[in-house]
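Okay, so here's the structure we're looking at.
The values are calculated or read from the model by the stated rules, or taken from the named source; none is laboratory data. The structure displayed is predicted, hence computed values, not measured ones. Reconstructed Cβ throughout: ideal geometry from the backbone, glycine too, with neighbour counts over all protein chains shown. The area values use the complete protein model at the heavy-atom level, side chains included, leaving out ligands, DNA and RNA. Shrake-Rupley method; radii C 1.70, N 1.55, O 1.52, S 1.80 Å.
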Amino acid sequence: MKKPSLSLSAPKIGTRLICMLYEAVLLFGVAFIATLLFDVTTQNSTTPTLRYAREFWLFLIFGVYFIYFWCRTGQTLAMKTWHIRVIDSERSKLPIIKAIVRYCLAWMWFIPGLAIAYQFELKNWSSIVAVLVGAIAWAITANFDQDKQFLHDKLAKTRLIIDNATSAEK
């Protein structure tokens with residue numbers, strides 16, 4: 001049986017955003033296990049230093065999760081479900097350095113909103129709104145790209161594509 005070739009067309013922005021929500025649900029479980037391991041190791045201490053260490057630990061664990069899947073198959077579990085694949089701009093498998101750069105740049109979805117919330121000392125719902133507005137603004141950047149890629153993909157020289165091979169298996 002002939003394997004379908006990759007389409008280089010980008011998935012719709014709505015599909016990518018739904019995939020991101022699904023990814024967040026999956027990451028909740030990853031975060032739970034990683035936090036449990038951290039708390040057991042540090043005996044659940046709540047000192048400010050350990051709070052920042054826990055955040056850095058989660059940053060690393062999430063990075064390992066994404067980088068591993070992006071380099072191995074080009075798809076996380078959520079991306080496989082929604083038939084989305086990340087590839088190198090040269091249409092090949094993602095090298096580890098590009099996966100690391102993409103992971104770090106993807107945090108730009110949240111950093112502007114977090115910076116605004118910090119600068120204006122926003123609390124509770126207003127800080128969440130600031131982060132959401134920042135994320136929406138970041139998502140809109142795909143509309144300004146001829147290939148409909150998000151800004152972090154353009155900067156990392158990667159692209160999200162529709163994975164016909166995964167959808168053909170179903």
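Quick notes on this one:
- Filtering the stretch 84-134 to residues that are in contact with a Phe, Trp or Tyr (Cβ under 7 Å, 6 or more places away or on another chain) and open to solvent by 20 Å² or more (accessible area, probe 1.4 Å) leaves MET108, VAL131.
- Taken together, the criteria exclude LEU122 from residues that are under 17 Å from MET20 (Cβ atoms) and out of contact with any strand residue (DSSP E or B) (no Cβ under 6 Å at 6 or more places or on another chain).
- From the list ALA106, ALA99, ALA117, ALA78, the lone residue that is assigned to a helix (DSSP H, G or I), over 25 Å from LEU26 (Cβ atoms) and touching a helix residue (DSSP H, G or I) at 6+ places or on another chain (Cβ under 8 Å) is ALA117.
- Filter pass, ASN143 being in contact with a His (Cβ under 9 Å, 6 or more places away or on another chain) and over 26 Å from GLY29 (Cβ atoms): no
- When PHE144 is tested against (1) of a type in the set (Phe, Trp, Tyr); (2) open to solvent by 50 Å² or more (accessible area, probe 1.4 Å); (3) more than 15 Å from ILE13 (Cα to Cα), exactly one condition is not met: (3).
- Taking each residue of the stretch 130-159 that is of a type in the set (A, V, I, L, M) and looking for partners that are open to solvent by 50 Å² or more (accessible area, probe 1.4 Å) and not in a loop (DSSP other than H, G, I, E, B) with beta-carbon atoms closer than 7 Å, six or more apart or interchain, yields ALA130/ILE116; VAL131/LEU114; ALA139/LEU17; ALA156/VAL101.
- Members of the stretch 13-51 that are at pLDDT 90 or above, over 22 Å from ASP88 (Cβ atoms) and open to solvent by 70 Å² or more (accessible area, probe 1.4 Å): ILE18, LEU21, TYR22, VAL25, PHE28, PHE32, ILE33, LEU36, LEU37, VAL40, THR41
- Sole exception among (1) within 20 Å of PRO11 (Cα to Cα); (2) surrounded by fewer than 17 Cβ atoms within 10 Å (Cβ to Cβ); (3) touching a residue at least 40 places away in the same chain (Cβ under 8 Å) for GLY63, by number: (1)
- Considering only residues in the stretch 81-96 that are among the hydroxyl-bearing types (Ser, Thr, Tyr) and outside any helix (DSSP H, G or I), the one that is modelled with the lowest pLDDT turns out to be SER92.
- Search result, residues across the stretch 121-151 that are touching a helix residue (DSSP H, G or I) at 6+ places or on another chain (Cβ under 8 Å), part of a loop (DSSP other than H, G, I, E, B) and not acidic (Asp, Glu): LEU122, LYS148, GLN149, PHE150
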